[in-house]
Structure formats: structure tokens, C-alpha cells
Amino acid sequence: MIRYWLEKTWVQNAVLISLATFAIYYCGWVFDFGYEFKWSMLFTRNETYGVVMGAEILKGLANTVRISLISSAIALLLGTMLGLARLSLFRPLRVTATCVIEFFRNTPLLIQLFFWYFAFPAILPDNVREALFSIQFEFWCATIGLSIYTASFMAEVIRAGLQSIPKGLLEAAYSSGLSYFQVLRTIILPLAFRAIIPPLGSEFLNNMKNSSLAMVVGVAELTWHAQQVESLTFKGFEATSAATVLYLSLSLIISFILNGVNGRMRLDTAPGRSVPVLVVGALLAPFGIIRRLFIRPVTRALRARRRAAAQTTYTPLAAMLHQLGRH
């Protein structure tokens, strides 16, 4: 009987609303924290320092987004290359990729950032070291270090996706006359990424959250700014709560986008019924229009020109082969 009622949707919603209402009432009016909350410090101008603390935290959010976007793009490209190298038939390439992946997967990110920032510049010439520190070395050190660390995990995910492709499908593609790079571009990578979007999304989320370690090499990202606000105002709960909400919002946005991408790429569901799929489709619509109006006609024209050139080209070797074919 209890199970019968608990399976009803309205009962589940009522229980959730009751629990949320009780938690808000107990924390807001019953329990005494012994702490004076001052949430206004996040959006009012501080008279002592002449700044709005919430705006300072948002500056850190901008740096976190920059690091996350750049490192995610580099990690995806590098992870794809390492994943393909892990499956290469050329043994030196395969062993090198395996060593790189295992090294960076099994050492802490914090130690890697310390190495790139403190140890790596020490072995460079003085002029190269000075040039590096003149181009925001802290930011790029954290970004590149995070990219390599995340790429080592993405490589294993991508390798698993590549190995999930049926061998018969690849043999059929090669037997149709396609080259390796054509098979890679049109069959292997599309099918592999279609299967690994969910675990790959987890790596994107981890990459964004790991960007908080960039503060240890002097990058003023979200966590760094939150700690600065806490040290200036002694309001650690408000500053940390604001940073937590911003990190949670970024994670939910990334999950929303990746769910939309996953819904568009899956073939066993109806993609039009999902809100994330509709949003991702709207974001990708301009690129589809550009492809149909500009890129596709140019590609067709180049292919037609290539075919015409192949048909009209008459070399001595082609003449000899033609003559042999007639006999």
C-alpha cells in the first residue's frame, strides 16, 4: 500500500516540497547559527575599499570561464590525438602515448601546476623565461597544465569509444575505397563521439572544477577572488556561498548543453521533445545556415572541378594502362 502511494507523482512532489519548506523554516527561524549574516555586502559598495565585492567575485568568474573554455578545447583535441595514438599499429607511437597518458593520469594536478610554474621555467634560457613571464605566464601555465591533465583522462574515454565501433563496419568502409583519413572523419570519429558524450561531459565538468587550483600559481580566478573578499570583509560564509552558487550554475549550464548535444546525436530517441536539444539546436542554427549557403556550395564546386580534372587528364601512364585494358 505504501509503495502504491509513493509511486504517484503528486505524492513525490508533495514530499519534496514539504522537506524543502521544513528545511527553510528550521534554518531561517528556528536554528540559531550564532553568526550575523550580511548578504548585502555582495551587491553594495564597500566604503572602506570603494568596490562592490560581488563584482569582484564576478571578475574571477570571467577568468574561470576563460580557463575552462580554452583548456577544454585543447584537452579535447589533444585527447583525441592521444586516444588514436593508443590504438596505433606503430609500436613507438603507441608506447609513447601510453606513457604520457599514464604519467599525467596518475600524478596530482597540483604537483603538475607547480612543475610548470616553478620548475619548468628554471631550465629555460633567461631571455625565454623573461618572454614567458611577459605574456601572462600564470594564466597560460594553469591553462596548459589543466589541458594536458584533462586530455589524459579524455584520451581513455575516446579510446573506449573507438574500440566500440564494430570491426566489420570499418572493413566495409575500407573495401568501398575510402582512405584512412576519410574513414576517420566520416565514420570512426562521429560514431565514437556519439557513444562517449556522457562520460566526456563528466570530464568537461571536472575540467571546470579543477580550474579552481589555478589560484596556486597566481591566477585571479573565482576561488581566488572569493578568498580575497573573505580576507577583506571577514564574511567567509557569504563569499564562499557566492562562489559555490556560481560554480554550481556553471556545472548546470555545461550539463544542460551536453545533454542537448547528446540528444541531438542519439538515434534511438525523439530529439524534438527535449528542451536542451531545442536550445542547442537554436545555438547551432546559424552555423547550419552558413554551411548550407557558403561552405557546401564551395565544397561541391571543388569536388566537381576535381572530377573534371581527373577525367580530362591524359598522361602516358594512363594511355598505357588504357591500352593494356583493351587487350
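Per-residue answers, yes or no, for (1) within 27 Å of Asn207 (Cβ to Cβ); (2) among the small types (Gly, Ala, Ser); (3) open to solvent by 90 Å² or more (accessible area, probe 1.4 Å); (4) at pLDDT below 60:
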{"residue": "Ser255", "(1), (2), (3), (4)": "yes, yes, no, no"}
{"residue": "Val261", "(1), (2), (3), (4)": "yes, no, no, no"}
{"residue": "Arg264", "(1), (2), (3), (4)": "yes, no, yes, no"}
{"residue": "Val277", "(1), (2), (3), (4)": "yes, no, no, no"}
{"residue": "Ile295", "(1), (2), (3), (4)": "no, no, yes, no"}
Tally, over segment 25-45, of residues that are part of a helix (DSSP H, G or I), closer than 25 Å to Val229 by Cβ and open to solvent by 80 Å² or more (accessible area, probe 1.4 Å) = 1
remark   = Scanning segment 139-155 residue by residue, the ones that are open to solvent by 40 Å² or more (accessible area, probe 1.4 Å) and either over 13 Å from the mean Cα position of the chain (by Cα) or more than 14 Å from Asn210 (Cα to Cα) (or both) total 2
note = Taking segment 114-129 and keeping only residues that are surrounded by 12 or more Cβ atoms within 10 Å (Cβ to Cβ) and within 21 Å of Val216 (Cα to Cα), one is left with Phe114, Phe115, Trp116, Tyr117, Phe120, Pro121, Arg129
query = What are the residue pairs meeting all of these: first residue in segment 94-107, first residue surrounded by 14 or more Cβ atoms within 10 Å (Cβ to Cβ), second residue assigned to a helix (DSSP H, G or I) and not aliphatic (A, V, I, L, M), Cβ atoms under 6 Å, and 6 or more apart or on different chains?
reply = Ala97/Arg86; Ile101/Ser152; Phe104/Tyr149; Phe104/Ser152
Residue tally, condition out of contact with any Asp or Glu (no Cβ under 7 Å at 6 or more places or on another chain) and hydroxyl-bearing (Ser, Thr, Tyr), over segment 193-211 = 1
request  = Identify, from the list Ile111, Ile101, the residue that is in contact with a Leu (Cβ under 7 Å, 6 or more places away or on another chain) and not small (Gly, Ala, Ser).
outcome  = Ile101
task = Specify the residue that is farthest from the chain's Cα centre (by Cα); the eligible residues are those in segment 215-239 that are crowded, with 17+ Cβ neighbours inside 10 Å and free of Cβ contacts under 8 Å to residues at least 40 places away in the same chain.
result = Glu230
task = Provide a single number: the residues in segment 156-167 that are part of a helix (DSSP H, G or I) and either in contact (Cβ under 8 Å) with a residue 40 or more places away in the chain or open to solvent by less than 40 Å² (accessible area, probe 1.4 Å) (or both).
result = 7
ask   = If you take just the helices (runs of 4 or more DSSP H) that sit entirely in segment 168-249, which of them hold at least 3 residues that are under 30 Å from Lys38 (Cβ atoms)?
value = 222-233
key: Hey, Gln136 surrounded by fewer than 18 Cβ atoms within 10 Å (Cβ to Cβ) and on the phi > 0 side of the Ramachandran plot or not   = yes
ask   = Got at least one residue in segment 9-24 being open to solvent by 80 Å² or more (accessible area, probe 1.4 Å), within 21 Å of Ala242 (Cβ to Cβ) and over 38 Å from the mean Cα position of the chain (by Cα)?
value = no
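The values are calculated or read from the model by the stated rules, or taken from the named source; none is laboratory data. The structure displayed is predicted, hence computed values, not measured ones. No Cβ is skipped: glycine too gets one built from the backbone with ideal geometry, and neighbour counts run over all protein chains shown. Surface accessibility is based on the protein's heavy atoms, side chains included, excluding ligands, DNA and RNA. Shrake-Rupley method; radii C 1.70, N 1.55, O 1.52, S 1.80 Å.
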